Amino acid sequence: MTIKLLVADDSALMRKHLKEIFEQDREFEVRTVRNGAEVLAELETFDPDVITLDINMPVMDGLTCLSHIMVQRPKPVVMVSSLTAAGAEATLQSLSLGAVDFVRKPDGTISLSIERIGNELRAKVRAAAGARVRRSTGLRGRLESERGWIVAHAAGRGVSSEGRIAPGRPGMVLVGVSTGGPGTLEEILPRLPADFPWPVLVAQHMPGGFTGVFARRLNDLSAVRVVEVTNQMPIEPGTVYIAKGDADLLVLKRGTAYVAAPVPASPEHLWHPSVTRLVRSAADVAPSDRLIGVQLTGMGDDGAQAMADLQRSGGRTIAQDAASCVVFGMPGELVRRGGASVVLPSDRIADQLVAWLLAPYVQTGEKADAACARR
């Protein structure tokens, strides 16, 4: 199948190199334009399957153009972003508006840099061609209205109220996510209440330079505290730990406490931060019944086997369902391997975590009988 790709960049040299990268493969039919206004005109005449948008363009910039695309004719969009604080913030804003993914804009000698990221570009555009387009949904206002009653209503929102986890001993929620992840995490994490009793550790496939801005953005949206793991730090309840981009995140035990530790990216793993390394490191030091794995949208299978093993050894796992995923690859692999305790749409995942960890714990069977006998 031919993928019709529209490339928007104000640099003639960048357009030339991007076109050459994609035309190496006959899978792509490529057309290039100079700015966002020309993109909107091409929506009618070329009708692309995927669009790549530079963020900074004259006449109409990438964010403005993306907003129009999502209203007029939603298409999968991959943003091309500079590695600056402003570029990272604009990139994350674009993902909230509905962009599927992003790539770092090459720096230095363009011809050499673009060649180095050619495989990444092609892979992300291929994934985008089969992705479900996310739209902006007025997140901030909706969250303000939901926070006050999420705990009370969790059992009535399509989640399982059975198998509640006994309070007392500490545990961890381990989240793996890739393509489509920033928008999905912005939907899930702000729904967690401030008194959420377990820490949440997140391995989001993302380059270095973006995760710090992403953590701050999530922290502004959320009742729980959100931090980027830049050095070893104790793991505490009610805190979300975002793995540093282009590195891996491990859970270690120091005495009776757990710590989050950033480590260099492992060459044995394809994606970073590695979901597999995060989950296996936690399973090595913590009881399985005190771990919950959450596998979210993303291409590939990073973390699928590790979470399936966790579920079989007594842990809980949640797989995001296909309908709410941008790309069903990672959660789909967990389901295929029989390792998903439950499969839920993204807007029910926080509710399930709350139902397991914050809803009133009711003892049943032999445990209840034993408790009565002790009284």
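The values are calculated or read from the model by the stated rules, or taken from the named source; none is laboratory data. Since we're looking at a predicted model, the values are computed, not measured. Methodologically, a virtual Cβ is constructed for each residue, glycine included, from the backbone with ideal geometry; neighbour enumeration extends over all protein chains shown.
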(request) Please verify whether region 197-206 includes one or more residues that are among the aromatic types (Phe, Trp, Tyr) and under 12 Å from the mean Cα position of the chain (by Cα). (result) no
(request) Would you check which residues across region 222-237 are surrounded by 20 or more Cβ atoms within 10 Å (Cβ to Cβ) and out of contact with any Lys or Arg (no Cβ under 7 Å at 6 or more places or on another chain) and list them? (result) SER222, VAL224, VAL226, ILE235
(request) State all residues of region 271-304 that are under 21 Å from the mean Cα position of the chain (by Cα) and over 22 Å from THR184 (Cα atoms); if no residue qualifies, say none. (result) ARG280, SER281, ALA282
(message) Quick check on GLU146: is it modelled with pLDDT of 85 or more and surrounded by fewer than 18 Cβ atoms within 10 Å (Cβ to Cβ)?
(response) no
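Step by step: first the residues of region 189-222, then only those that are among the small types (Gly, Ala, Ser), in contact with a helix residue (DSSP H, G or I) (Cβ under 7 Å, 6 or more places away or on another chain) and more than 18 Å from THR297 (Cα to Cα), then the one that is modelled with the highest pLDDT. Which residue is that? Give the derivation first.
At the first step, the residues of region 189-222 found to be among the small types (Gly, Ala, Ser) are 194, 203, 208-209, 212, 215, 222.
Those left that are additionally in contact with a helix residue (DSSP H, G or I) (Cβ under 7 Å, 6 or more places away or on another chain): 203, 209, 222.
Now drop any that are not more than 18 Å from THR297 (Cα to Cα), which leaves 209, 222.
Values: GLY209: 85, SER222: 97.
Checked region 189-222; the qualifying residue modelled with the highest pLDDT is SER222.
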(request) Can you confirm whether region 328-339 contains a residue that is farther than 30 Å from LEU121 by Cβ and surrounded by 20 or more Cβ atoms within 10 Å (Cβ to Cβ)? (result) yes
(message) Looking at GLY156 and the list (1) at pLDDT below 80; (2) within 20 Å of the chain's Cα centre (by Cα), which single condition is not satisfied?
(response) (2)
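I'm trying to understand the selection: among the residues of region 61-103, which are among the aliphatic types (A, V, I, L, M) and surrounded by fewer than 17 Cβ atoms within 10 Å (Cβ to Cβ)?
Quick first cut of region 61-103, residues among the aliphatic types (A, V, I, L, M) only: 63, 66, 69-71, 77-80, 83, 85-86, 88, 90, 92, 95, 97, 99-100, 103.
Passing the criteria: VAL71, LEU83, ALA85, ALA86.
Name the one entry in THR211, THR256 that is surrounded by fewer than 21 Cβ atoms within 10 Å (Cβ to Cβ) and polar (S, T, N, Q). Write out each step before concluding.
Numbers: THR211 fails: surrounded by fewer than 21 Cβ atoms within 10 Å (Cβ to Cβ).
Only one candidate passes the filter, namely THR256.
Taking only region 259-290 into account, find how many residues are of a type in the set (Lys, Arg) and crowded, with 24+ Cβ neighbours inside 10 Å.
Of the residues in region 259-290, the ones of a type in the set (Lys, Arg) are 277, 280, 290.
Right, trim to crowded, with 24+ Cβ neighbours inside 10 Å and you get 277.
Qualifying residue count for the region: 1.
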(message) Quick check on GLY315: is it over 18 Å from the mean Cα position of the chain (by Cα), crowded, with 23+ Cβ neighbours inside 10 Å, modelled with pLDDT of 95 or more and closer than 20 Å to LEU250 by Cα?
(response) yes
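Determine if region 291-303 includes at least one residue that is surrounded by 15 or more Cβ atoms within 10 Å (Cβ to Cβ), out of contact with any strand residue (DSSP E or B) (no Cβ under 7 Å at 6 or more places or on another chain) and at pLDDT 95 or above. If you could, list the steps in order and put the result at the bottom.
First, the residues of region 291-303 that are surrounded by 15 or more Cβ atoms within 10 Å (Cβ to Cβ): 291-303.
Now narrow it down to the ones that are out of contact with any strand residue (DSSP E or B) (no Cβ under 7 Å at 6 or more places or on another chain): 299-301.
Those still in the list that are at pLDDT 95 or above too: 301.
Yes: region 291-303 contains one or more residues that are surrounded by 15 or more Cβ atoms within 10 Å (Cβ to Cβ), out of contact with any strand residue (DSSP E or B) (no Cβ under 7 Å at 6 or more places or on another chain) and at pLDDT 95 or above.
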